[in-house]
Amino acid sequence: MDTPRSAGEPEAAQDGLFGLEDVLGEPEASRPAGPLFRDSEEARRMLSVRRIHAEPAAAASPRGRQIVARYPEAELVPTDSHWRIPELHGNQGNAERWVRIKSTVLVLGEKKTLTVRPNGRSADWIAPGAANGCAMACAYCYVPRRKGYANPITVFTNIDALIHRLRRHVTAQGPKKEPNQCDPSSWVYDIGENNDCAVDALISENTADLVRAFTRWPTAKASFATKFVNPDLLLLDPRGRTRLRFSLMPADDSRLLDIRTSPVQQRIDAAADFVEAGYEVHFNFSPVVIRPGWEQAWAQLLQNMDDVLPRSVKDQAAAEVIMLTHNRDLHDVNMAWHPSAEDAIWRPELQQAKRSENGSWNVRYRNAVKAEAVETVRRLVHTYTPWLPIRYAF
């Protein structure tokens, strides 16, 4: 629960931390001039926004105005709710325009529910996300399951309220008294459960504001997984309070399944730069896909990591192992735009139904198949990257 506040006492003083003006990014016009990756041709290939669906309050907010100004040629379309946009959500015809919508459409909304949920696997807590959806198009991504047949990025513009909620939650926890698999000394907050924060940094200062906030909270650490190398993040000053988790899989799997992401080798090669910039860098082996030759492919990936990663990365790294979970509705969507991916990830002879936390039915590898595969990955990691502890595997 949040720490109670005495009547009339300012919240920042009660928390003993700082005001939001110390955290939130400056308007883009006031930032020093200089080349940024987000202004590059590569970034424009990832996001070439032509239409912005926006809740009126979100568009009128300081963050919303910054985002709209970044895309002056985009059509601004008012919407009552970022969750209910008829031409996007529930429109089955959008499945065939899956990638085009991701790259050209943006949604602006306000995060209404600022819930901090316990996790205990990758992080101690799941923070309320500053965005939902992604410009990348990974064939196995679970986020579209909730949003119908289109999944462009929705940016939440009330970042001040989100950071305020996190600040009070961090303060209420106090120091971490016992180490766990998430971290030995800090409370870890996953800030990117339903989005990729590195891609979001192409659009707004939300990711930078969150990284900056956690530098002021000595008992807490931000964490997010990414498949996108954004050099602009190297210009921030995380001071060891943000854990960036590069998601990896064998290159052949990635070329088939990780559509519009940075190449796997680029993610590996970037790890040292991010450690030098002050990030903690871990790795997600996610998802592990069982297919002919998968064990050899993972062995080659791990051997490459051992060959190219410097000691600065190896000494602080850890890994997570996540076996593939799929979904029947997503299978149907993929069949409309990327059916070859389903040859690898839709394997009924190896899979069984699983009810997710939100009540929907997913499919995952059968218990015995999954257990054997997890042990295989553990053995391969021990053999080829003995310096890499596995924080958890499931």
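Would you confirm whether any residue within segment 251-260 is within 24 Å of ASP124 (Cα to Cα) and at pLDDT 95 or above? No, every residue in segment 251-260 fails to be within 24 Å of ASP124 (Cα to Cα) and at pLDDT 95 or above.
Every residue in segment 257-301 that is assigned to a helix (DSSP H, G or I), among the charged types (D, E, K, R), under 20 Å from ASN230 (Cα atoms) and in contact with a helix residue (DSSP H, G or I) (Cβ under 8 Å, 6 or more places away or on another chain), please. Selection gives ASP269, ASP273, GLU276.
Among the residues of segment 197-240, those that are closer than 23 Å to SER48 by Cα, of a type in the set (Asp, Glu) and part of a helix (DSSP H, G or I) comprise ASP200, ASP232.
The C-beta contact set for segment 238-260 (first residue touching a residue at least 60 places away in the same chain (Cβ under 8 Å) and crowded, with 21+ Cβ neighbours inside 10 Å, second residue part of a helix (DSSP H, G or I) and acidic (Asp, Glu), distance under 9 angstrom, 6+ apart or interchain) is empty. Pairs linking a residue in segment 96-116 that is at negative phi to a residue that is surrounded by fewer than 16 Cβ atoms within 10 Å (Cβ to Cβ) and in a loop (DSSP other than H, G, I, E, B), with Cβ atoms under 7 Å and 6 or more positions apart or on different chains, are SER103/SER48; THR104/SER48; THR104/ARG50.
Of all residues in segment 105-120, none satisfies being within 30 Å of ASP252 (Cα to Cα) and surrounded by fewer than 17 Cβ atoms within 10 Å (Cβ to Cβ). Is it the case that ARG212 is over 21 Å from PRO118 (Cα atoms), within 19 Å of the chain's Cα centre (by Cα) and among the basic types (Lys, Arg)? It is true that ARG212 is over 21 Å from PRO118 (Cα atoms), within 19 Å of the chain's Cα centre (by Cα) and among the basic types (Lys, Arg). Counting only residues that are within 20 Å of ARG239 (Cα to Cα), buried (at least 21 other Cβ atoms within 10 Å of the Cβ) and touching a Leu at 6+ places or on another chain (Cβ under 8 Å), segment 275-316 holds 5 of them.
All told, ALA393 meets the bar of being within 27 Å of ALA137 (Cα to Cα) and modelled with pLDDT of 90 or more. Starting from residues that are of a type in the set (Gly, Ala, Ser) and not in a loop (DSSP other than H, G, I, E, B), keep the ones in segment 302-320 and report whichever is farthest from the chain's Cα centre (by Cα). If we take residues in segment 302-320 being of a type in the set (Gly, Ala, Ser) and not in a loop (DSSP other than H, G, I, E, B), then SER312 is farthest from the chain's Cα centre (by Cα). Considering segment 71-96, and only residues there that are at pLDDT 95 or above and touching a helix residue (DSSP H, G or I) at 6+ places or on another chain (Cβ under 7 Å), the residue that is surrounded by the fewest Cβ atoms within 10 Å (Cβ to Cβ) turns out to be PRO78.
The values are calculated or read from the model by the stated rules, or taken from the named source; none is laboratory data. Just so it is clear, the structure is predicted and the values come from calculations on it, not from any experiment. Using ideal geometry, Cβ is built from the backbone for each residue, glycine included, and neighbour counts are taken over all protein chains shown.
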